[in-house]
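Below: the structure, in structure tokens.
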Ligand SMILES: [Zn+2]
């Protein structure tokens, strides 16, 4: 009787170059029980249950998208949350953090409590995700006492929360200051959408009075100064509270300058930008109205100078990471063109499936090393948002991996995407790099453009900054 030893590994990725934030190395990656269990120069094929041949390819950690407004399932649209998490997998994102702000499907009944909203979100997404998901709580003006709920949110693994300084659910400065103090005590990272409400209200009124009620008016109503003023204010309040602050979707040179000044003074301020600020610009608002409406996002697309500043800041480390601000709006629903003025057009655009493709693939030649790419797309997101088992290819971490061909070229087209939206702002964009295979939790979920996973594969990621 012959006894065959079980393979040492469930999966081995052989022959590739493993990219880490600190350095790249030629290594085979051994995976067992969903974790990375070996990084060795040469793992024999007999040791593997299955082998992925990665000769000539890169092995990247799965991308972590910390900024999405994915919408949870409803009776009318039961598949939209699953669909966007699956789309993320197609794009090489193996973990995403979602928000529970109004508009993401959270019920009116929990509008008064951040904790009740978070519990509802956890309930209604359980077993629905294709990849691992976590929650960042949105903290609003309508909630009765969100500062008192932060500790309980952290206990649920919701280690980050977001405030808006504009919109009807945005908070005033007194509440922001209180939340900053409370976030420090609770061990929560506070994320802030920074625009100055008074400047914005004035800007909107001016544009409408001038007859600029279309997409161009939207961009002009919230110029870089509006963002920079909100950014400086949030930074000042964070300094007073002695709390870290994380600034979402930084889009302008002026806002980066405010962040850089604070950091030079030793303040723990973190900054994120988004793919659309890296590759799109305000000329989009000069296009025919329906096309331009698709780009109504906030902050708006900026000048080419601001775009260059985003790359400079990412390269220099003045911005920490890239995330999508994904909103699954559709041109025939939320963004349908009925001639309405810009203040009532839904804000947001999809991006959950194109984070790696756009950020990697459209980077100016030679500016971002593969190591820095991995840092801003996976390693730093995992570190800042409390996910120590994710974000890097190291023994013991989750086997969330992307086998990536850096030499391939592709053109981004809505027809090839899988997200819940009906358009992509990157239609026709030519990028370098293509995904060959995506492994999440040790299992192949996408291979050569085919989805191999199962609804519910994704788990809830309870996060802790401790
Ligand atoms: Zn957002």
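Worth pointing out:
- Computed lengthening from residue 409 to residue 116, 0.36 nm per intervening residue step minus Cα-Cα distance: 100.9 nm
- The packing ranking, built from the mean of other Cβ atoms within 10 Å per residue, places the peptides 196-206, 349-359, 426-436 in the order 349-359, 426-436, 196-206, highest first.
- Rounded to the nearest 500, the helix-only mean residue ellipticity at 222 nm of the chain stands at -8000 deg cm²/dmol, with each DSSP H run of n ≥ 4 adding -39,500 (n - 2.57).
- Rg and Dmax of segment 23-122, based on Cα coordinates, read 19.5, 58 Å.
- Simple label model, 7 Å out from Cα along Cβ direction - residue 33 to residue 173, nm: 5.4
- Relative to the longest principal axis of the Cα atoms of the chain, the long axis of helix 304-316 lies at roughly 50 degrees.
- Extension gain for residue 289 to residue 465 (0.36 nm times residue separation, less C-alpha to C-alpha distance): 58.9 nm.
- Segment 93-125 residues near the modelled residue 76 label - backbone nitrogen below 14 Å, point 7 Å along Cα→Cβ: 103-108
- Segment 40-133: relative contact order as a whole-number percent, Cα under 8 Å and 6+ apart: 31
- For segment 206-303, the spherically averaged projection of the C-alpha convex hull amounts to 6.6 nm².
- Among 317-324, 381-388, the order from most to least packed when residues are scored by Cβ within 10 Å on average: 317-324, 381-388
- Hydrodynamic radius by Kirkwood, which averages 1/r over all alpha carbon pairs of the chain, in angstrom: 22.4
- Antiparallel bridge percentage (DSSP; both residues within the chain; nearest 5): 50
- Set of segment 368-409 residues, backbone N closer than 20 Å to the point 7 Å along the Cα-Cβ line of residue 416: 402-409
- Once the Cα atoms are used to define both axes, helix 80-90 deviates from the longest principal axis of the chain by about 50 degrees.
- Among 326-336, 86-96, sorting by the average number of other beta carbon atoms lying within 10 angstrom of each residue, highest first, gives 86-96, 326-336.
Coordinate-derived values only; no laboratory data. Note that the structure is predicted; figures quoted are calculated from it, not measured. Backbone-built Cβ (ideal geometry, glycine too); neighbour counts: all protein chains shown.
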